[in-house]
Amino acid sequence: MPTPCSLCKASCCRDYIITITSFDVMRVSDKTGKKLSEFAVLSPATLLNQDESTVLECYANGQRYDYVLAFKSHPCCFLGADNKCTIYDCTPFTCRRYPISPNGKLFSRASCNLISKLLFKMFGVHLKSSEHIKQIEKYRKIVAKWNKKHGKKEDCIDFLIAESKSNRLK
């Protein structure tokens, strides 16, 4: 039986900026051997309804600039020519949970087709909400620690990775 994702044209991968955590970065890097500079970027935090507790504050010349950690490119840099994810077995938790929110509801603006939405409602996604919540909570603590530093953008990702390595998920 096809999976809900196998029935779509990867609209979520094409239409959205895919926000990630430093734990996602480490998992993807470990699995693919790619350097984080090849696929991760600090993207300006201009999204509506973003999780404010994951916004990274960076300072330059006395000004504050807000960023979120995200995959490079638009569409996703890991989307294959066949509209399939090339890193499916180590995708970010956000991708693994989409289009189901942590509270178990289908996102109202999910870009999935109707059949896929029905399949997600019936069978769910392949990541328990508790695992996603655990990662986000740890990432929020790391972001809060960074934001207290009032650091520079060029130091941010290295800080996130170093902190994540010392707080690696079990």
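Here are the numbers:
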read-out	value
The range 99-117: number of residues that are loosely packed, with under 14 Cβ neighbours inside 10 Å and either closer than 19 Å to Ile157 by Cβ or at pLDDT 80 or above (or both)	2
Selection count where residues are under 12 Å from the mean Cα position of the chain (by Cα) and among the basic types (Lys, Arg), scope the range 27-47	1
Criterion violated by Lys35 - all others in (1) out of contact with any Asp or Glu (no Cβ under 8 Å at 6 or more places or on another chain); (2) modelled with pLDDT under 90; (3) surrounded by fewer than 17 Cβ atoms within 10 Å (Cβ to Cβ) satisfied	(2)
Count of the range 78-98 residues which are of a type in the set (Val, Ile, Thr) and either surrounded by fewer than 19 Cβ atoms within 10 Å (Cβ to Cβ) or assigned to a strand (DSSP E or B) (or both)	1
Test: residue in the range 45-58 that is exposed (fewer than 13 other Cβ atoms within 10 Å of the Cβ), at pLDDT 85 or above, in contact with a helix residue (DSSP H, G or I) (Cβ under 7 Å, 6 or more places away or on another chain) and closer than 27 Å to Glu163 by Cβ	no
Residue count, the range 65-77 (criterion: in contact (Cβ under 8 Å) with a residue 40 or more places away in the chain and either assigned to a loop (DSSP other than H, G, I, E, B) or exposed (fewer than 14 other Cβ atoms within 10 Å of the Cβ) (or both))	3
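The values are calculated or read from the model by the stated rules, or taken from the named source; none is laboratory data. Owing to the predicted nature of the structure, the values given are computational and were not obtained by experimental measurement. Every residue, glycine among them, receives a Cβ derived from its backbone with ideal geometry; neighbour counts consider all protein chains shown.
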